[in-house]
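Worksheet: the structure to be examined is printed underneath.
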Amino acid sequence: MNFKNLLAQTKRNYATIVLILLFVAIAGFIIQLVAQVTRFSKGVTDFYAPTIHDVKSFAEAANHLQMGIENYGIPDEMSVVQLQETTKRLEALSRLWEPDYRKHIESMIAAAKRLVADLKEMKTSEQKLLIETRHLNEEAQMHVRMHDAELKEARTVIQSSAWKIQIVVLVLLVIGIIISFREVQIQRLREQEKEKLSAITALATALEARDPYTQGHSLRVAEYTRIIGVEMDMGKMELEHLNLASLMHDVGKIAVPDSILRKEDKLTDQEWQQIKEHPQASARILEGFESLKEMAQWALDHHERFDGKGYPNGKSGMDIPLPAQIMAIADSFDAMTSNRPYRPGMTLEQAIIEIEKNKGKQWRTDVAEAFLRCVQKGLIKIST
Ligand SMILES: [Fe+2]
């Protein structure tokens, strides 16, 4: 798995967490919105419905009274009864109202009671009755208009809240689908990565089994690169990639025939040339895996030298990726200190001298110094 892919996967995980948090926040918002709408609708049902009905009935009675007095000089009996009844009902409802509104409508109720009393006593002049009735009718109509406007506003609020809920639920649904889809994708990617890594590790292990003299080489190189990487303050993820690349850097030797790989005598120029092609072969194998492409580059460059005298491309200086230089020094150290059929391995002291001598030539100075610090601290020793 290369660095970019792991980084991308981490970002994907963060994105999933953000989506889940968003999902929870939206769900909370919906619950709050539904509670608000329920409360509001209950208020409308409990208060507006009976109040509007009775205020309209009250206004209707007042209007009929006014028309009766205007047209015939006497009030309509039915309208008087209706006014009395609706006045009683409004009085009963008054406990539900806000104090300001209650004060307002209570004055209208008082006016209605005065009018009914005047009508019954028949002492008041027709002119005064007409003024009282008109006044009551106007006030009642004003209340009807006010309630109609409030009801319209309430309907608008409920409708817009219903729209909001629908939109939010839809967004929630989409987020849920995205989260599930991403999770499935991430899971699939993880499984693919796991399979690839076990396949490639098995390949590297099989390769080392062919050559008794290099057995354990990749594991040792991986351990040295981890120690140097820590010394050079590499991040956890970068160290993981370095470890994988180190385990697989020589996997291309699978293409080198046994007769050359296991040859105990000195290699001919042609055989040596074949061996020198293994970085490209390693890179080709790793490039076949999308997630290992960056590591393929490191494997390709693990025999490059800082002074440009390495192979296969003669890269130099900072053109060589840092992980490739770390792998190069770890690889060389293991090669120097391992026994070969044609020579014994160097001692730690001899290897240190060799590294000091080639610092800034074969390897980047900072990498070589980090390596030497690790040796000084006793972190890197010759494996037995
Ligand atoms: Fe190599």
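Coordinate-derived values only; no laboratory data. The structure displayed is predicted, hence computed values, not measured ones. Because the Cβ atoms are built from the backbone with ideal geometry, glycine has one as well, and the counts that use them run over all protein chains shown.
Once you've got the GNM for the chain with C-alpha springs shorter than 10 Å, pick whichever of Q325, Q274, Q297 has the biggest mean-square fluctuation.
Q274
Looking at segment 40-128, which trypsin sites (Lys or Arg not before Pro) are DSSP coil and have at most 16 other C-beta atoms within 10 Å of their C-beta?
Working: sites: K42, K56, K88, R89, R95, R102, K103, K113, R114, K120, K123, K128; in loops: K123.
Loop-located and lightly packed - K123.
Taking only C-alpha pairs under 8 Å that are 6+ residues apart, what is the relative contact order of the chain in percent?
That works out to 15 percent.
Pick from E98, E356, E240: which residue has the top mean-square fluctuation in a GNM of the chain where Cα pairs under 10 Å get a spring?
Largest GNM mean-square fluctuation: E98.
Once every DSSP H run of n ≥ 4 in the chain is given -39500 (n - 2.57) and the sum is divided by its residues, what mean residue ellipticity at 222 nm do you get, rounded to the nearest 500 deg cm²/dmol?
-25500 deg cm²/dmol
Roughly how far apart, in whole Å, are the Cα centres of segment 143-190 and segment 332-377?
67 Å
For segment 103-246, compute the number of Lys pairs whose alpha carbons are separated by less than 23 Å, excluding pairs fewer than 8 positions apart on the same chain.
7
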